[in-house]
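See structure below.
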Protein chains: 2
Amino acid sequence: MTLECPMPQTEFDIITLGHGSGGQLSAKLLQQFVFNELTNPLLATQHDGAVFEAHGTLAFSTDSYVVNPIFFPGGNIGDLAINGTLNDLAMCGATPKYLSLSFILEDGLPIQDFWRIIQTIKRICIEQKVWIITGDTKVVEKGKGDKIFINTSGIGFVNAKASLSAARVEIDDCVMVSHAIGFHGISILSQREGLQFETEIKSDTRCVSSIVQACLERYGQDIKWLRDPTRGGVATSLNELAEAIDFGISIEENALKVDGLVKGACSLFGLDPLFVANEGVFIAVVSPAIAEDMVLFLQNNKESELAFILGKICADHPKKLTLKSKIGGRRVVTKLLGDQLPRIC
Amino acid sequence: MTLECPMPQTEFDIITLGHGSGGQLSAKLLQQFVFNELTNPLLATQHDGAVFEAHGTLAFSTDSYVVNPIFFPGGNIGDLAINGTLNDLAMCGATPKYLSLSFILEDGLPIQDFWRIIQTIKRICIEQKVWIITGDTKVVEKGKGDKIFINTSGIGFVNAKASLSAARVEIDDCVMVSHAIGFHGISILSQREGLQFETEIKSDTRCVSSIVQACLERYGQDIKWLRDPTRGGVATSLNELAEAIDFGISIEENALKVDGLVKGACSLFGLDPLFVANEGVFIAVVSPAIAEDMVLFLQNNKESELAFILGKICADHPKKLTLKSKIGGRRVVTKLLGDQLPRIC
């Protein structure tokens with residue numbers, strides 16, 4: 001249970017179309033719920049845009065979040081929206097610094113839900129030392145949205161030691177995964193289907209920025225490629241890498257770490273954990289020289305204590321991802337055609 | 001009638017949930033409709049984020065667009081989404097350079113509509129020399145969205161001659177408006193209400209970046225404050241300025257330029273044009289020394305040929321916006337409480 005600041009007194013207990021009009025209602029909502037809570041010197045200018053100084057290499061990323069349900073075990077749409085964009089920046093080798101925050105609210109959203117989401121956003125911004133510096137709020141009629149959609153875009157400063165590119169990936173490089181997979185997708189699906197397991201399966205939503213920066217500081221150019229396997233899971237991210245290089249990617253079913261509860265739920269739903277979304281996991285392709293050391297280093301950090309080596313880059317089956325099964329057979333793992341799980345993030 | 005490239009052959013004629021899954025359908029849609037069309041070297045990396053060099057003062061802005069209908073006289077949601085964010089950056093004194101583009105599509109959106117919107121986005125990006133460098137696409141179920149919502153966030157480079165801040169506004173500074181007001185709001189409302197006027201009232205959606213940069217080059221620090229009066233119109237923007245300064249703002253009804261058709265429609269709908277949304281107009285507060293010259297300069301440019309001086313900063317009625325009516329009375333113009341026109345942008 002996270003302690004939250006008490007919600008300010010308001011004259012309204014739901015969001016209405018008037019809150020998106022740019023008039024007094026909009027101004028009051030923004031002042032009480034956004035500007036007062038997410039305060040920083042740049043946001044305080046309350047302009048349509050924020051102005052800052054930058055010297056160096058920047059990363060820029062955007063994501064819209066439409067997850068259903070908006071509250072789930074382990075987090076809410078606010079965690080996803082902030083962690084997701086911070087993680088995308090981390091995958092570019094960047095330390096996140098500035099975020100934009102844009103809401104599309106549905107008429108009728110309980111103001112208490114909006115408050116809880118803002119409090120989550122506030123907590124992560126403080127923890128991760130990032131500032132929300134510009135934003136937008138729109139309201140749509142009932143039945144023209146779904147409670148709340150959030151877009152975050154982010155700007156980060158790329159670590160000078162980072163040199164991340166599929167073009168640098170070579171044969172024998174190791175494919176490492178930072179944590180056990182499948183928690184987020186299974187958490188959302190269990191909620192939606194109303195399934196109860198012995199223990200609640202929590203989303204793994206978390207910010208991996210600090211641990212990624214620590215790795216870049218320590219291993220520099222030996223880290224060649226980073227990606228967070230969200231929608232479509234590990235198999236989709238590795239398929240994208242395989243398409244971008246002239247080699248194959250070979251992974252081992254035996255090496256895969258999947259929590260027992262997640263594995264059970266996957267069987268129940270008929271899902272392959274390799275395709276299930278994660279929100280706090282990253283894949284790193286690294287030179288073999290540092291692979292063992294980096295796995296140990298990751299395992300010594302809470303965010304990545306279950307890190308493991310999943311496979312390697314190989315000459316066989318160029319541009320394909322292949323999986324060696326537990327009984328020794330090898331098969332090609334392709335991208336899924338359509339949706340495994342809609343509105344997972 | 002704008003000529004558009006023919007739409008590529010597709011196996012689907014509507015957007016489905018599978019297009020938002022991160023699998024093969026997503027990849028195909030993005031490749032054919034987004035990457036091939038909005039191509040540039042940074043987008044081509046197809047990473048979750050884009051990396052670029054920056055040295056100087058940057059502006060960062062975001063907006064989500066939920067306009068209904070998505071096609072209207074004079075433009076579509078694509079024009080709004082790009083022009084709107086470019087204009088927000090322009091109001092910070094910045095030349096826009098990089099944009100993110102994020103879609104929330106409703107299951108069932110005709111693929112032809114998506115194509116038309118992408119073509120509009122492509123055209124404006126080429127005209128304005130900006131690059132879409134990162135993006136995202138989500139799909140929600142029928143009845144959980146409304147055809148298409150677009151978020152754009154933008155990064156621009158602030159002109160070294162710009163010094164824009166409400167704190168620099170002084171008594172006797174002139175309040176200038178770059179064009180006749182009210183076109184966008186009335187265009188949308190007429191469409192929604194199914195009203196036909198003798199001549200179609202077109203949205204004024206346009207990018208004002210070039211003309212703003214030309215003014216900043218010419219007048220530098222004599223331009224003290226800029227804002228584009230979108231949602232809530234000129235009266236809302238000027239109220240926000242009034243709250244931020246210790247002076248009053250006095251405007252003249254006689255000076256106001258409103259097109260005859262827009263004026264007629266406003267009467268019909270019971271709207272005050274001062275509160276109607278614009279999408280191609282900016283307000284500039286400038287020192288009196290350059291005001292006359294700047295109006296003439298603006299009038300010599302197509303984007304701002306109806307520029308006019310609306311009023312000035314004064315000592316009376318501090319923190320209030322007051323309007324001198326045609327018959328000479330003066331009244332305070334406050335912000336609207338709630339919505340005049342929901343989903344106008």
Query raised in the report: Just checking, which of B:F33, B:F52 is under 25 Å from A:V140 (Cβ atoms), of a type in the set (F, W, Y) and either in contact with a Phe, Trp or Tyr (Cβ under 9 Å, 6 or more places away or on another chain) or at the interface with chain A (Cβ under 9 Å from one of its Cβ atoms) (or both)?
Result: B:F33
Query - Candidates B:T95, B:T134, B:T39, filtered to the one that is of a type in the set (S, T, N, Q), more than 23 Å from A:L238 (Cα to Cα), outside the structural domain of B:A277 (by TED's automatic domain parsing) and in contact (Cβ under 8 Å) with a residue 40 or more places away in the chain - result: B:T95
Report task. May I ask you to verify whether B:T236 is open to solvent by less than 40 Å² (accessible area, probe 1.4 Å), in a loop (DSSP other than H, G, I, E, B) and among the β-branched types (V, I, T)? Result -> no
Report summary line: The residue that is farthest from B:L43 (Cα to Cα), considering only those in segment A:36-49 that are more than 8 Å from chain B (Cβ to nearest Cβ) and at pLDDT 90 or above, is A:N36
Query raised in the report: Tell me, which strands (runs of 3 or more DSSP E) wholly within segment A:267-345 include 3 or more residues that are touching a residue at least 40 places away in the same chain (Cβ under 8 Å) and under 30 Å from A:T152 (Cα atoms)?
Result: A:283-286
**Report entry** Which numbered condition A:D246 fails, given (1) within 14 Å of chain B (Cβ to nearest Cβ); (2) at pLDDT 95 or above; (3) open to solvent by 60 Å² or more (accessible area, probe 1.4 Å)
**Finding:** (1)
Query raised in the report: Within the group B:E217, B:E200, which residue is free of Cβ contacts under 8 Å to residues at least 60 places away in the same chain and assigned by TED's automatic domain parsing to the domain that holds B:N278?
Result: B:E217
Requested in this report: Say whether the condition of being at the interface with chain A (Cβ under 7 Å from one of its Cβ atoms), not in a loop (DSSP other than H, G, I, E, B) and not hydroxyl-bearing (S, T, Y) is met by at least one residue in segment B:98-111.
Outcome: yes
Query raised in the report: If you go through segment B:81-97 one residue at a time, do you hit one that is more than 12 Å from chain A (Cβ to nearest Cβ), part of a helix (DSSP H, G or I) and not charged (D, E, K, R)?
Result: yes
Report summary line: Subset of segment B:264-294, residues over 16 Å from B:I251 (Cα atoms) and within 21 Å of the chain's Cα centre (by Cα), comes to B:C266, B:L271, B:V276, B:A277, B:N278, B:E279, B:G280, B:V281
Query raised in the report: Would it be correct to say that A:L238 is within 14 Å of chain B (Cβ to nearest Cβ), more than 16 Å from the chain's Cα centre (by Cα), within 19 Å of A:C345 (Cα to Cα) and in contact (Cβ under 8 Å) with a residue 60 or more places away in the chain?
Result: no
Query raised in the report: For A:K142, all conditions in the list (1) of a type in the set (K, R); (2) touching a residue at least 40 places away in the same chain (Cβ under 8 Å); (3) touching a Gly at 6+ places or on another chain (Cβ under 8 Å) hold save one; what is the number of the exception?
Result: (2)
Report summary line: Sole miss for B:V175 among (1) open to solvent by less than 20 Å² (accessible area, probe 1.4 Å); (2) within 14 Å of chain A (Cβ to nearest Cβ); (3) in contact with a Lys or Arg (Cβ under 9 Å, 6 or more places away or on another chain); (4) part of a strand (DSSP E or B) is condition (2)
Query raised in the report: What about B:A59, is it assigned to a strand (DSSP E or B), touching a helix residue (DSSP H, G or I) at 6+ places or on another chain (Cβ under 8 Å) and within 19 Å of B:I118 (Cβ to Cβ)?
Result: no
Requested in this report: Tell me, please, whether a residue that is farther than 17 Å from A:V67 by Cβ, more than 11 Å from every other protein chain (Cβ to nearest Cβ) and open to solvent by less than 20 Å² (accessible area, probe 1.4 Å) can be found in segment A:180-190.
Outcome: yes
Query raised in the report: Which residues, counting only those in segment A:312-323, are open to solvent by 80 Å² or more (accessible area, probe 1.4 Å) and under 18 Å from A:G233 (Cβ atoms)?
Result: A:K320
Query raised in the report: When you go through (1) open to solvent by 50 Å² or more (accessible area, probe 1.4 Å); (2) part of a helix (DSSP H, G or I); (3) in contact with a Phe, Trp or Tyr (Cβ under 8 Å, 6 or more places away or on another chain) one by one for B:A167, which number turns out not to apply?
Result: (3)
**Report entry** Subset of segment B:135-158 that is more than 7 Å from chain A (Cβ to nearest Cβ) and out of contact with any Pro (no Cβ under 8 Å at 6 or more places or on another chain) - its residue that is surrounded by the most Cβ atoms within 10 Å (Cβ to Cβ)
**Finding:** B:T152
Query - Hits in segment A:255-308 - residues which are open to solvent by 40 Å² or more (accessible area, probe 1.4 Å), in contact with a Gly (Cβ under 8 Å, 6 or more places away or on another chain) and closer than 22 Å to A:S209 by Cβ - result: A:E303
Requested in this report: Within segment A:11-34, count every residue that is of a type in the set (V, I, T) and open to solvent by 50 Å² or more (accessible area, probe 1.4 Å).
Outcome: 1
Query raised in the report: Applying the selection to segment A:250-260, what residues are more than 9 Å from A:G182 (Cα to Cα) and touching a helix residue (DSSP H, G or I) at 6+ places or on another chain (Cβ under 8 Å)?
Result: A:I251, A:L256
Report summary line: Scanning segment B:114-134 residue by residue, those more than 8 Å from every other protein chain (Cβ to nearest Cβ) and not in a helix (DSSP H, G or I) turn out to be B:K129, B:V130, B:W131, B:I132
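The values are calculated or read from the model by the stated rules, or taken from the named source; none is laboratory data. Since the structure is predicted, the reported quantities are computational estimates derived from the model, not experimental observations. When we count neighbours, we look across all protein chains shown, and the Cβ atoms used for this are built from the backbone with ideal geometry, even at glycine. Keep in mind that these areas ignore ligands, DNA and RNA; they rest on the heavy atoms of the full protein, side chains included. Shrake-Rupley method; radii C 1.70, N 1.55, O 1.52, S 1.80 Å.
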